[in-house]
Every structure is written in structure tokens, then in C-alpha cells.
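**Q** Dumping the structure here so I can ask a few things about it.
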Amino acid sequence: MYHFDKQVNRRNTNSLKWNVGENELPMWVADMDFETAPEIQEAIAARAAHGVFGYTDIPDEWYAAYINWWKERHQYSMQKEWLIFCTGVVPAISSIVRKLTTPAEKVLIQTPVYNIFFNSILNNGRQVLESPLVYENGEYRIDFADLEQKLADPQTTLMILCNPHNPVGKIWSLETLAKIGELCKKHHVVVISDEIHCDITAPGCAYIPFASVSEICRDNSITCIAPTKAFNLAGLQTAAVSVPNEVLRHKVWRGLNTDEVAEPSAFAVDAAIAAFTKGAAWLDELCGYIQINKDTAAAYIAKNIPQIKDVPSQATYLLWLDCGALTENSEELAEFIREKTGLFLSDGVRYGAHGNKFLRLNVACPLAVVKDGLERLERGIMAYRKV
């Protein structure tokens with residue numbers, strides 16, 4: 001029904017991802033090379049046709065779109081008053097860090113994790129506290145003893161949870177999320193749950209909203225959500241924060257408004273409404289296509305590049321590649337592959353603890369492009385082994 005095999009030329013469009021050399025293939029930053037759903041394109045075109053782009057209010061339809069989507073897709077009921085518009089998940093996280101913590105306090109993250117978390121913490125004069133995930137037998141799990149020890153530090157006042165987890169693609173279980181919630185409550189640590197990747201899951205898999213797990217999780221958390229990853233709308237700067245706790249919600253609302261990241265552009269509202277009211281069929285087909293890409297990549301790597309291992313994942317369109325048999329410095333490896341083949345990947349060093357042995361590869365692109373990337377990866381790895 002939809003055309004995910006279509007190759008769209010993104011060069012010379014001011015694309016961050018595609019601002020690369022003529023023979024380079026970027027498979028690094030987490031945006032997709034697919035056109036967004038036709039229903040969203042139509043909504044944006046209709047808004048553009050109006051021709052007047054003044055200040056924009058948040059209508060009831062925007063709240064209803066989020067509420068109904070989460071109820072139908074994720075079996076979680078939000079209330080209208082919990083939701084606050086914001087221009088993006090990262091601006092929201094940075095604002096919340098500023099509002100809920102003081103300089104030099106510690107913000108806990110579970111590494112390897114989305115590298116921009118580090119920016120949101122360090123740029124605001126707070127300390128990063130890493131609780132590294134344990135990597136065993138090709139899978140990741142939480143070291144709860146380490147987590148509790150670090151949450152118990154009186155200087156630790158905030159935790160940023162990545163649910164599902166980027167870059168490892170882990171969907172956290174109900175039991176795991178409940179235990180995180182209990183420990184954070186016990187040690188007076190508020191949880192920000194970044195759930196931006198929640199709608200990109202393998203067929204048959206579903207993520208669990210952190211706030212849905214228990215009253216403890218609900219009342220001690222702030223959830224950041226958006227249509228931008230699932231529908232490839234990052235450039236429209238449209239997201240939401242859900243805060244059930246009234247006291248926390250007031251603080252978050254004040255922070256977002258003080259930082260001026262709570263007002264929508266002329267297109268942000270209409271695009272989100274269209275995504276969450278008309279985009280379900282497109283998204284279902286997209287998730288199936290991405291799974292084909294991931295399976296293709298896993299099979300190719302196992303057969304042709306056995307020196308690296310694809311970490312199995314249930315969410316995101318990102319592959320997390322274990323290159324530990326080849327290198328302790330994935331930054332150097334990524335630079336080598338790019339220089340030799342033009343394939344531009346994300347090195348794992350930027351994601352914190354133990355990321356130095358990993359590369360991240362984005363497969364949200366037509367299958368033909370994935371195959372091109374895999375062939376380049378194979379050539380790069382073979383050349384690296386000869387150095």
C-alpha cells in the first residue's frame with residue numbers, strides 16, 4: 001500500500017543527515033529516509049495552502065489525538081490535563097533538568113544510552129552519573145545493585161530512563177520498570193521517561209509506558225512522547241510531555257514556558273493530529289518493513305562479517321553492532337570505515353560506558369540502500385582487519 005522502497009534524494013535539502021560527500025552513505029543519525037505518511041503530507045499541505053502562519057493555539061483535537069493513540073496502541077489512559085505541548089523531547093528534557101535539579105546535582109543515566117542525554121545534563125552544570133547496563137551473552141540487563149547504590153546518593157535527584165532503550169533497542173519488561181519505579185521512589189529520585197522510540201517496535205512486540213506500570217511509577221515520573229521518530233517529523237519540532245502528578249506538572253509547565261519551548265509552529269499541531277488519527281496503517285506497514293531490513297542485516301552480518309555481532313533488539317530502527325572482537329576504539333573504526341567506503345555510522349564511544357566496542361547503524365531506509373550499506377560495512381571491516 002505504501003512505497004517504502006522508493007529512494008528519495010535528500011541531498012541539497014539542508015538535511016543534517018545527508019550533508020555528506022558525494023560518494024558517502026549516511027546511516028548514522030536517527031531520522032528516516034522514508035517520506036512521511038501521505039495523510040500527514042496532506043494535512044501539512046492543507047495548512048500551507050491557507051497562507052497565513054500566525055501564532056498557534058493547542059486545540060482539543062491535539063489532546064484527543066495523543067490520548068486516543070496511547071489508549072488504543074498502548075493500552076494506557078492519559079488525561080487531558082496531564083499533557084503539555086513542547087517543541088521536542090530534548091528541549092523538554094533539558095528544561096526539566098534545569099527546573100527540577102540544582103547545579104552540581106547528579107542525574108543518573110543507564111549507559112550506553114542516547115548521547116544527547118549527556119548534553120542535557122552537562123550543559124546545565126549538573127553531573128552525569130552512569131549506571132552501566134550489563135552486557136552478557138549478547139543481551140543487556142540492568143545491574144540493580146549498582147542502580148540502587150547510585151540512586152541512594154543524596155546528590156542524585158533525577159533519573160533519565162530510555163524506554164525503549166536507544167541504542168540497544170531493548171523493550172523493558174513490566175517487572176523491570178516496576179523495580180526502577182520502586183527504587184526511585186525509595187530514594188526520592190524523579191524519573192524522566194524518554195519514550196520517543198515507543199512506536200517503532202518489532203511486529204508482535206509492544207512497549208510498556210513507564211507511568212502505566214503502577215501508581216508509584218505514575219506519580220513520580222514525567223514522560224516525553226512525540227510522533228517525530230515514528231513518522232519522521234523531527235524537523236517540525238512537535239512533542240508532548242505527560243505529567244500525572246499535579247505538583248510535578250506545575251514545575252514542568254513553568255520550566256517549559258520559562259524556556260520558551262511550549263509554543264507550536266504553524267505546522268506542529270496539524271502534523272501531530274494527522275499522525276495519531278490517520279497514521280496507524282502506515283506505521284504498521286513501516287514497522288514490518290523495518291523488521292525486514294533488520295532481519296536482512298542480521299543475516300548478512302552473520303554470514304559475511306562474522307567478526308561483528310548484531311545485538312538482537314525489539315525496538316527502534318537502529319542496529320547496535322558489537323565490534324569487540326576487532327577493536328576497543330569504535331570511534332577509530334567508524335572513521336576508518338567512512339574514509340575507506342563512504343559509509344557514515346555512529347561510533348559507540350559517544351553513548352557512554354562500554355560503547356567503545358560498538359557501532360550504531362540506522363536501517364530506516366529502502367532495502368536497496370540497506371544492502372549498499374552492508375556491502376560497504378563488509379569492505380570496511382575486511383580492510384580494517386588487514387591494517
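**Q** Could you list, in sequence order, the residues of the range 215-225 that are out of contact with any strand residue (DSSP E or B) (no Cβ under 7 Å at 6 or more places or on another chain) and either open to solvent by 40 Å² or more (accessible area, probe 1.4 Å) or more than 16 Å from Ser173 (Cα to Cα) (or both)?
**A** Glu215, Ile216, Arg218, Asp219
**Q** For the range 64-85, check the following and say yes or no: at least one residue is surrounded by fewer than 19 Cβ atoms within 10 Å (Cβ to Cβ) and under 30 Å from Trp18 (Cβ atoms).
**A** Within the range 64-85, not a single residue is surrounded by fewer than 19 Cβ atoms within 10 Å (Cβ to Cβ) and under 30 Å from Trp18 (Cβ atoms).
**Q** Only residues in the range 22-49 that are touching a residue at least 12 places away in the same chain (Cβ under 8 Å) count as the first member; pair them with residues that are among the basic types (Lys, Arg), Cβ under 6 angstrom, at least 6 apart or cross-chain, and list the lot.
**A** Final answer for the pair search is Pro26/Lys17; Val29/Lys17; Asp31/Lys17; Glu39/Lys278.
**Q** Do you know which residues across the range 4-37 are surrounded by fewer than 15 Cβ atoms within 10 Å (Cβ to Cβ) and either in a helix (DSSP H, G or I) or of a type in the set (Gly, Ala, Ser) (or both)?
**A** Gly21 - this is the single residue of the range 4-37 that is surrounded by fewer than 15 Cβ atoms within 10 Å (Cβ to Cβ) and either in a helix (DSSP H, G or I) or of a type in the set (Gly, Ala, Ser) (or both).
**Q** Shifting gears a bit: Of everything in the range 95-108, what is part of a helix (DSSP H, G or I), touching an Asp or Glu at 6+ places or on another chain (Cβ under 8 Å) and open to solvent by 20 Å² or more (accessible area, probe 1.4 Å)? Give them in sequence order.
**A** If the condition is that a residue be part of a helix (DSSP H, G or I), touching an Asp or Glu at 6+ places or on another chain (Cβ under 8 Å) and open to solvent by 20 Å² or more (accessible area, probe 1.4 Å), then Arg98 is the only one that fits.
**Q** Quick one: which helices (runs of 4 or more DSSP H) sit completely within the range 253-363 and have at least 3 residues that are touching a Pro at 6+ places or on another chain (Cβ under 8 Å)?
**A** In the range 253-363, the matching helices (runs of 4 or more DSSP H) lie at 268-278, 280-304.
**Q** Sticking with this one: Considering only the range 137-159, state which residues are part of a helix (DSSP H, G or I) and open to solvent by 20 Å² or more (accessible area, probe 1.4 Å).
**A** Matches in the range 137-159: Phe144, Ala145, Asp146, Glu148, Gln149, Lys150.
**Q** Looking only at residues that are small (Gly, Ala, Ser) and not in a strand (DSSP E or B) in the range 226-246, which one is surrounded by the most Cβ atoms within 10 Å (Cβ to Cβ)?
**A** Result: Ala226.
**Q** Also, I was wondering about something else. Can you pull out the residues in the range 151-171 that are over 24 Å from the mean Cα position of the chain (by Cα) and touching a residue at least 12 places away in the same chain (Cβ under 8 Å)?
**A** Within the range 151-171, Ala152, Asp153, Gln155 qualify.
**Q** What are the residues in the range 181-198 that are open to solvent by 10 Å² or more (accessible area, probe 1.4 Å) and either touching a strand residue (DSSP E or B) at 6+ places or on another chain (Cβ under 8 Å) or farther than 20 Å from Ile142 by Cα (or both), if any?
**A** The answer is His187, His188, Val190, Ile196.
The values are calculated or read from the model by the stated rules, or taken from the named source; none is laboratory data. Not measured: the values here are computed from a predicted model. Cβ: placed from backbone, ideal geometry, glycine included. Neighbour counts: every protein chain shown. All accessible areas refer to the heavy atoms of the entire protein, side chains included, with ligands and DNA or RNA removed. Shrake-Rupley method; radii C 1.70, N 1.55, O 1.52, S 1.80 Å.
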